[in-house]
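As structure tokens, the structure follows; a few thoughts come after it.
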Amino acid sequence: MAGVVGDSRWDSDAFVANWVEKAGERNRIFASATERMLAEARVGAGSRVLDLGTGTGDTALLAASRVGPQGHVLAIDPAPTMVDVARKAVDQAGLTNVTVRVMHAESLDVADGSFDSVMGRNMLMFVALKRALREIRRVLRPLGRLATVVWSETARCPYYACVLDVARERGALVEPLPEMARAFALGDRDAYLRELAEAGFASIEAHRVASARRYASAAGAVKAMRESPIQAEPIERLAAGEREAAWAEIERRLRPYEKDGECVLPMESLVLVGERPGWVVVSRW
């Protein structure tokens, strides 16, 4: 995932370096949700696939191995620096069935009905959802499939909820909202299903996929939060003298998750699924 239209932070060297460094952890945490996304999108041999918000190309590489030499993956991201990294990953893998381009999910520069499948991991929360869904439906062929991973409700994701709760209590969640707060603004599974229906998708589903974030301790979890530009942003909005107290409070709230020498934070993703309706044939007989 990467890319908010008009937000240069996603294209900064610091953000991209952090994204590359955390690739292994990110792919582990979201492995089950990613596999479910690929399966629900029906990414298979010969498919034409659009990978939204590809970031450093992790999901595009997985899709490329499934579509094979007869298929093709177009991986897009609005952040040019991310795209550069993704292109290098594609080149290093020796893949000829992947193209990486700078492009926004809200304004897809491709023809109508171009793709069998559209997918995206942890990116729909960071775009103008109604515009993006209209564009996705447009570029899918009839009966083409959308499958995308988004974060579940904050109550099911304490790693995120803890930061937001402390930031809210200390008055940091004001307009313009921090990136992470905007990502959870839609609310819940049913809200996403309504958005998919309003955008004209059929066969709509939302599957809950559980996982976990694992750290050596609550202090280790806080260290990871502080290294993440998205996680750190709400607390960084506080006055300098308040930040350390806020991080200490977050660590205190995470300690109940410590057990047997590690801190295990439950995590849940939603895999959203929709299909572009096919042509309706009416018999005259």
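For this structure, a couple of remarks:
- Residue count for the stretch 57-76 satisfying the condition of being surrounded by fewer than 24 Cβ atoms within 10 Å (Cβ to Cβ) and either without any contact (Cβ under 8 Å) to a residue 12 or more places away in the chain or not charged (D, E, K, R) (or both): 10.
- Selection status of Ala181, in a strand (DSSP E or B), over 30 Å from Ala45 (Cα atoms) and either of a type in the set (Gly, Ala, Ser) or in contact (Cβ under 8 Å) with a residue 12 or more places away in the chain (or both): no
- Flag for Leu196 being in a strand (DSSP E or B) and either within 24 Å of Gly278 (Cα to Cα) or among the aromatic types (Phe, Trp, Tyr) (or both): no
- Check on Pro277, modelled with pLDDT of 95 or more, farther than 19 Å from Ala33 by Cα and not in a helix (DSSP H, G or I): yes
- Among the residues making up the stretch 235-248, those that are in a helix (DSSP H, G or I) and buried (at least 17 other Cβ atoms within 10 Å of the Cβ) are Ile235, Arg243, Ala246, Trp247.
- When each of Arg208, Arg168 is tested for being within 16 Å of the chain's Cα centre (by Cα), surrounded by fewer than 16 Cβ atoms within 10 Å (Cβ to Cβ) and modelled with pLDDT of 95 or more, the lone residue that passes is Arg208.
- Selection of the stretch 113-130 for residues being in contact with a strand residue (DSSP E or B) (Cβ under 9 Å, 6 or more places away or on another chain) and assigned to a loop (DSSP other than H, G, I, E, B) yields Gly113, Ser114, Asn122, Met123, Val127.
- Test: residue in the stretch 80-98 that is touching a Lys or Arg at 6+ places or on another chain (Cβ under 8 Å), surrounded by 16 or more Cβ atoms within 10 Å (Cβ to Cβ), at pLDDT 95 or above and of a type outside the set (Val, Ile, Thr): no
- Checked against the criterion of being assigned to a loop (DSSP other than H, G, I, E, B) and out of contact with any helix residue (DSSP H, G or I) (no Cβ under 8 Å at 6 or more places or on another chain), the stretch 204-216 has at least one qualifying residue.
The values are calculated or read from the model by the stated rules, or taken from the named source; none is laboratory data. Because the structure is a prediction, the values reported are computed rather than measured. Using ideal geometry, Cβ is built from the backbone for each residue, glycine included, and neighbour counts are taken over all protein chains shown.
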